Amino acid sequence: MDPKNLRSSGVLLLPGARTGRDPARSIKPGPRRQPAGVVAATQRERLLDGLVRTVAERGYQRATVSDICRAAGVTRPVFYELFNGKEDAFLAAHRFGTGVVVRRMAAAFAAESDWCAGIREALGAMLQLLSGTPSFATMAVIEIEAVGPAGRRERDQLLTRFRVFFAEVPQLPGGVRVQEMVDAVVGGVYSAIYRRIASGRTDRLPELLPVLGMFCLAPFLGPAEADRRLGSRIGEDPSCTRIDPATTQQ
């Protein structure tokens, strides 16, 4: 699929951010019709949007291929030309959307000169994205469980991708393995986000930033040091450019 078809003002959008039946995305018939590849990409894009919105509204189990096609304004034969079935389309939407989230987080992380601020900005980017597209948040975080084993595998693979943001953390005392602690932290962040979405407060996800920032840093720096570094303004605390285990308060 051509990424250009999923952009608005140069920003890559999450599936579900637009309606599948948006008139601006209609495919004009006749001799001036777009090339077949462009048509297929547009139809796939609309189906992903339709799936996300339908699953968020009806739930994965109750959503049918016909429901998705109606939401997208695309016929069933075209759906089956592009996907093997509902599960295949769901996983495609999940992979594409979570890829957008991870890339946006990575850009926010890389834009900062220190790990502490990078974690804070990456979390903020994720929370803003999900709160701004609640249908995708519901589909990707809540309904993934209803997909079954394939959905759980997809979720587990996604969570392992977040390890990259913790590459600079110090070793932990007492023989605790860093990777196991990182996985526990990532799982805790995911759980907090899940609860907020499940309770119908997706629009308030950004309110979690302070507690999630502390939760990510405190196991490696200690609560007091994590609070100090999260509260420091960029450029005012050169000690945070790298994590020095000797100066952390465990």
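The values are calculated or read from the model by the stated rules, or taken from the named source; none is laboratory data. All figures in this text were calculated on a predicted structure; none of them were measured in a lab. Reconstructed Cβ throughout: ideal geometry from the backbone, glycine too, with neighbour counts over all protein chains shown. Surface areas here come from the heavy atoms of the whole protein model, side chains and all, with no ligands, DNA or RNA. Shrake-Rupley method; radii C 1.70, N 1.55, O 1.52, S 1.80 Å.
Here are some notes:
- Looking at region 142-218, the trypsin sites (Lys or Arg not before Pro) that sit in a DSSP loop and have at most 11 other Cβ atoms within 10 Å of their own Cβ are R177.
- In region 30-118, the portion of solvent-accessible area held by carbon and sulfur atoms comes to 50 percent [1.4 Å probe, whole percent, DNA, RNA and ligands not counted].
- Proximal charge balance of Q157 [Cβ under 12 Å; K/R count +1, D/E count -1]: +4
- Sites listed here are trypsin sites (Lys or Arg not before Pro) in region 37-124 whose DSSP assignment is loop and whose Cβ has at most 11 other Cβ atoms within 10 Å: R62.
- Portion, in percent, of the accessible area of region 125-226 that falls on carbon or sulfur, probe 1.4 Å: 56 percent
- Phi-derived couplings, Karplus 6.51 cos²θ - 1.76 cosθ + 1.60 at θ = phi - 60°, listed residue by residue for region 40-45: 4, 5, 5, 5, 5, 4 Hz, with x used for Gly and Pro.
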